[in-house]
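To keep things clear, I will list the structure first and then write my remarks on it.
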There are 2 protein chains.
Amino acid sequence: MDSKKFRCIKPEIRVLGIDDGQFIPRTKGIVDVVGVVYRGGLWFEGVTHTQITIDGLDATEKMAEMIKTSPYYPELRVVVLDGITFAGFNIVDISALCRIVDLPVISVVRDKPDFEDIEVALKNLPDFEYRWRAMQNAGQLFEVKTRDGENPIFVHLSGILFEDAQKILKKTSTRSNIPEALRVAHIIASGLTKKIEKI
Amino acid sequence: MDSKKFRCIKPEIRVLGIDDGQFIPRTKGIVDVVGVVYRGGLWFEGVTHTQITIDGLDATEKMAEMIKTSPYYPELRVVVLDGITFAGFNIVDISALCRIVDLPVISVVRDKPDFEDIEVALKNLPDFEYRWRAMQNAGQLFEVKTRDGENPIFVHLSGILFEDAQKILKKTSTRSNIPEALRVAHIIASGLTKKIEKI
């Protein structure tokens, strides 16, 4: 999808941050995925939820469905993911996700990924070509310094210009060097889902 | 417990807001309870979780256990509950809760409760005396206007002076007329628990 330029980026722009819950690697099963809607870096607005398969191929489709069926969907302006690999190596094709939900997607990681290591790991899984294509569809990796005096983050972009992504990331990273929606999605996904699931 | 006076109320005072998830009234079963830790009315800090029985007698004990075993416990300064009846008529004895966790407890409702109606309902359940005593231990109902131009809320207090409770409620109700920790606990409890539980 072509990157549309944002006409303006409001301080209260609605951001959906998505992260996955805890699981035991290389087991079979499903993992909870939590989406958190924030108004910019300011206010918690809502939660969404889906489940994906460990090392499966359904992350893109399930997240797209979660986003499109959410009551918050009409107001959302950007989706921010915790990396592109979820539930092990269930890879989100951010280019496809962006096209299906018609929203810009920013994938954020704190450490620069080692793509050679990932390629080796993917080769041990079925459907290597599919996963590797999804990885490559993430495109270029950009470095963004969201906060003075803190480490930069690394991002893949789809459907958004680097300049706009940078502005959004800076505006919404009010409490740490990642957007609030993503920071809080991580806390909820890792702190809550496993406990509720288990009992 | 005697009400200790707060020496000072920091804008980033750690508040635990507690609300219950969705369930079908008058069925048997368990209900998720979600606790959300906020720094004042500003920042989301963490989540906690427990489960209680529909129309059971375990709400006080389960919440106390959830609070005392939480990694956030040492930093918490006040607990804010969504009313005192959870999972139907599983009543929290806020005076007992305050004593067990050694923290002030504020129970918040948006509408003035009709205690006569509640008494009639409780009479239809086993252990009326126990429930009614828990209700009465909530003590006096106070009205607090947390935000200009918005409706007042009604609160029961335990282990805290009205003056301090009023200050805390005003400082932490940054987005609505109830503390952020409670507003967000409600969104997560009602939006997330049922979905995760069901699948």
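State, to one decimal in nm and shortest first, how far the label point of B:Lys123 sits from each corresponding label point in the other identical copies (label point: 7 angstrom along Cα-to-Cβ).
7.8
Calculated FRET efficiency, B:Arg77 and A:Arg77, Cβ-Cβ r, R0 35 Å, to nearest 0.05?
0.45
Could you list B:Thr50, B:Thr60 so that the one with the fewest beta carbons within 10 Å of its beta carbon is first and the one with the most is last?
Least crowded to most crowded, the residues run B:Thr60, B:Thr50.
Is the stretch B:47-154 best put as rounded, prolate or oblate by its Cα gyration tensor, with a ≥ b ≥ c the root eigenvalues, rounded for a/c under 1.5, and otherwise prolate when a/b is larger than b/c, oblate when not?
Since a/c reaches 1.5 but b/c is at least a/b, the shape of the stretch B:47-154 is classed as oblate.
Order of B:106-114, A:40-48, B:69-77, A:13-21 by packing, highest average Cβ count within 10 Å first?
A:13-21, A:40-48, B:106-114, B:69-77
Over the C-alpha atoms of the protein assembly as shown, what are the Rg and the largest Cα-to-Cα span, Dmax, in Å?
In Å, with Rg to one decimal and Dmax whole: 22.7, 69.
Normalising by the residue count of the stretch A:14-198, find the relative contact order in percent from Cα pairs under 8 Å and 6+ residues apart.
For the stretch A:14-198, the relative contact order is 27 percent.
Would you mind giving the mean number of other chain beta-carbons within 10 Å of the Cβ of each residue in A:48-56, as a whole number?
Mean partner-chain Cβ count within 10 Å for A:48-56: 2.
If each of A:Ser3 and A:Ser190 carries a label point 7 Å out from its Cα toward its Cβ, how far apart are those two points in nm?
Each label point lies 7 Å from its Cα, and together they span 2.9 nm.
Would you mind ranking B:Lys171, A:Lys10 by Cβ crowding within 10 Å, fewest neighbours first?
Placing the least packed residue first, the sequence is A:Lys10, B:Lys171.
What are the nm distances, shortest first, from B:Lys4 to its equivalents in the other copies, labels at 7 Å along Cα→Cβ?
From this label point to the equivalent ones elsewhere in the assembly: 5.5 nm.
Mean-square fluctuation check for chain B, GNM, Cα pairs under 10 Å: which of B:Gln166, B:Gln51, B:Gln136 is largest?
Residue with maximal mean-square fluctuation among B:Gln166, B:Gln51, B:Gln136: B:Gln136.
How would the stretch B:98-153 be classified by its alpha-carbon gyration tensor: rounded, prolate or oblate, with rounded meaning a/c under 1.5 and the a/b versus b/c comparison settling the rest?
Oblate, because a/c is 1.5 or more while a/b does not exceed b/c.
Under a point-charge model restricted to the Cβ atoms of Lys and Arg (+1) and Asp and Glu (-1), what is the dipole moment magnitude of chain B relative to its Cα centre, in debye to the nearest 20?
600 debye
Under a point spin-label approximation (7 Å from Cα along Cα-to-Cβ), what is the B:Asn151-B:Glu65 distance to one decimal in nm?
A separation of 3.5 nm, rounded to one decimal place.
Based only on Cα atoms, what mean projected area does the convex hull of the stretch B:14-193 have, in nm²?
If you wrap the Cα atoms of the stretch B:14-193 in a convex hull and average its projections, you get 9.4 nm².
With a 10 Å Cβ neighbour count serving as the proxy for reagent exposure, in which order, fewest first, do B:Arg39, B:Arg26 appear?
Ascending Cβ contact count within 10 Å gives the list B:Arg26, B:Arg39.
Taking the Cα centre of the stretch B:126-199 as the origin, how large is its charge dipole in debye, to the nearest 20, when only Lys and Arg (+1) and Asp and Glu (-1) carry charge on their Cβ atoms?
340 debye
How many partner chain Cβ atoms sit within 10 Å of a residue's Cβ in peptide B:169-181, on average, as a whole number?
That average works out to 1.
Readers should treat all values here as calculations from the given coordinates under stated rules, not as data from a laboratory. Fair warning: this is a prediction, and the values are worked out from it, not measured in the lab. Here the Cβ is made from the backbone with ideal geometry for all residues, glycine too, and neighbour counts use every protein chain on show.
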